[in-house]
Amino acid sequence: MSKGKESRRWTESQYSELIYRQYSGPRSSGGSTPYKTTAQYHRDISSWPDADYDTKTFTNCFGGYMHESRGTWHNLPKGSYYFSVNGVWGGVGKLSVDTVAVDNTAAD
């Protein structure tokens, strides 16, 4: 995933957690390892500019096998959400992780 790219959309209400996880080790195209990425949440609003939420920084997922980083957003109104990658530091500007998941249950 490159800077500026958007994820697919999904429906949220109240809570959301974005998880980056490595199973095989971090990598980017070109072979060098990224060390930080940022992602921002957005609410998709038809016929209006989308609502932007704060940006989270992810670093631990680049530590190697089974490392993960999590960012949480609370008090979200019900709606359709997506995230965008705002930056990738290190590597060549493209991010490759094994799993990017969204968890919308605050129970864990």
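Where a number appears in this text, it was derived from the coordinates with a stated rule and is not lab data. Keep in mind that this is a model prediction, so the values were computed, not measured. Cβ sites come from the backbone with ideal geometry, for glycine too, and all protein chains shown count toward neighbours.
The dipole here belongs to region 35-90: it is taken about the Cα centre, uses +1 on the Cβ of Lys and Arg and -1 on the Cβ of Asp and Glu, and is about 120 debye.
A simple spin-label model places the labels of residue 46 and residue 6 1.5 nm from each other, with each point 7 Å out along Cα-to-Cβ.
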